[in-house]
Amino acid sequence: MKQSEVKGYSQEELVDKLAESKAMYGELKRSHSMSPLDNPSQITKLRKTIARIKTAINNK
């Protein structure tokens, strides 16, 4: 998710997206610890998305 996409969401939508992304991040980390993922860069992309969402929430 790009920063321009994140800016378009309202405060409530950002909070929902943040919770959803954190849950998905936890699942990816758990599954990666048990067996390697096919694309481990998903974890990095999701972590960056979470940071973008947190930044947008703090700016609003």
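Coordinate-derived values only; no laboratory data. What you are looking at is a predicted structure, and each value in this text was computed from that prediction instead of being measured. All Cβ positions, even for glycine, are placed from backbone atoms using ideal geometry, and neighbour counts span all protein chains on display.
Computed quantities for the displayed model
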quantity	calculated
Net length gained if the chain between Lys7 and Asn59 were fully extended (0.36 nm per residue, minus Cα distance)	17.7 nm
Unit charges on C-beta of K, R, D, E only; dipole of the chain, Debye	300
Helix axis angle, 41-59 relative to the chain longest principal axis, alpha carbon, degrees	20
Where only C-alpha atoms are counted, convex hull volume of the chain per residue in Å³	65
Gain in span if fully extended, Lys29 to Ser41, counting 0.36 nm per residue against the direct Cα distance	3.2 nm
